[in-house]
Amino acid sequence: MPPIVTLTSDFGTRDSYVAQVKGVLLSLGPPGLQIVDLGHEIAPQDVREGALFLRAAVPRFPAGSIHLAVVDPGVGSARRAIAAEAGGQCLIGPDNGLFGWLLGPGARVHRIDAPGGAQAHPSSTFHARDLFAPAAARLAHGEPLSALGAPVLDASTLVWPVPELTGDAVQGEVVHVDRFGNLISNIERAQLGTAVGRVVLADRTLHAIHDHYAQVVPGELLALFGSEGLLEIAARDASAAAVTGAGVGTPVCVELAAAARGIP
């Protein structure tokens, strides 16, 4: 299989930034290189949103895929440029937590040193083009991770906000609002089992967890587990975020059956 390099960023597609990165990859990479756009609409400078995006997307790719990701408010500063191998995937980007939910036990991380030649002095504002893309091309040619730079033992990570079990309820929060306005929480199906009562989002109460959106009438709120196994609050054919005014950080509480007895 030809090597795969994926691209994720907050660049959007209006400007030439993504095109320039692709140009470098195609110029320096091996013949047959496959470039796959994962997404370029991460909210500007929102590292946490980018990390959540990568957490869902990266594991779905064939082992050995190279993922170049850039959400980099610290570009040009002392933050490191890194390349990593984790879960059978290669990751290239800034050391700012963007890969923080992928760098589990066993991950290998190395610095990316400035390449030689024309890009020996990369732009201080465009490391995606001048530092990360050449590094991705080298890995696509089969160079080892260690050829890029020295090992890193303290790469930046993110702590997943673990829901709390308090009495007969699980307390979580909204961690992402997708483009449909679905309010995605940090509460996983495995944390609830089958003994579930009410779901409370701020001051809104939902009395059941549904299987799919069409189980309620248009405009009605519902709770269900999304494709990543996370509890979400949605509104059929509408935006739950707009309907409720909720957003990232809004509390979500799931009352277990024992706490929901006697509730109609």
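If you go through segment 160-183 and pick out every residue that is without any contact (Cβ under 8 Å) to a residue 40 or more places away in the chain and in contact with a Gly (Cβ under 9 Å, 6 or more places away or on another chain), you end up with 5. If I filter segment 199-211 for residues that are farther than 16 Å from Gly172 by Cβ, β-branched (Val, Ile, Thr) and surrounded by fewer than 17 Cβ atoms within 10 Å (Cβ to Cβ), do I get at least one hit? No, segment 199-211 contains no residue that is farther than 16 Å from Gly172 by Cβ, β-branched (Val, Ile, Thr) and surrounded by fewer than 17 Cβ atoms within 10 Å (Cβ to Cβ).
Considered as a group, the residues in segment 128-167 that are within 22 Å of the chain's Cα centre (by Cα) and of a type in the set (S, T, N, Q) include one that is nearest to Arg79 (Cα to Cα), and that residue is Ser156.
Conditions tested, residue by residue: (1) assigned by TED's automatic domain parsing to the domain that holds Gly172; (2) assigned to a loop (DSSP other than H, G, I, E, B); (3) within 23 Å of the chain's Cα centre (by Cα).
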{"position": "Gly197", "(1), (2), (3)": "yes, no, no"}
{"position": "Pro218", "(1), (2), (3)": "yes, yes, no"}
{"position": "Ala223", "(1), (2), (3)": "yes, no, yes"}
{"position": "Glu232", "(1), (2), (3)": "yes, no, yes"}
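If you filter segment 52-75 down to residues that are assigned to a helix (DSSP H, G or I) and in contact with a strand residue (DSSP E or B) (Cβ under 9 Å, 6 or more places away or on another chain), you find that the one that is nearest to Val159 (Cα to Cα) is Leu52.
Restricting to segment 1-33, and then to whatever is in a loop (DSSP other than H, G, I, E, B) and closer than 12 Å to Ala140 by Cα, can you tell me which residue is modelled with the lowest pLDDT? If we take residues in segment 1-33 being in a loop (DSSP other than H, G, I, E, B) and closer than 12 Å to Ala140 by Cα, then Met1 is modelled with the lowest pLDDT.
Against the test of being touching a residue at least 40 places away in the same chain (Cβ under 8 Å) and within 18 Å of Gln20 (Cβ to Cβ), the options Leu68, Leu38 yield a single qualifying residue, Leu68. Pairs meeting the criteria (first residue in segment 94-105 and closer than 9 Å to Gly50 by Cβ, second residue in a loop (DSSP other than H, G, I, E, B) and at pLDDT 95 or above, beta carbons under 6 Å, at least 6 apart or on different chains) are Leu98/Val71.
The values are calculated or read from the model by the stated rules, or taken from the named source; none is laboratory data. A quick note: this is a predicted structure, and the numbers were derived from the prediction, not measured. Cβ sites come from the backbone with ideal geometry, for glycine too, and all protein chains shown count toward neighbours.
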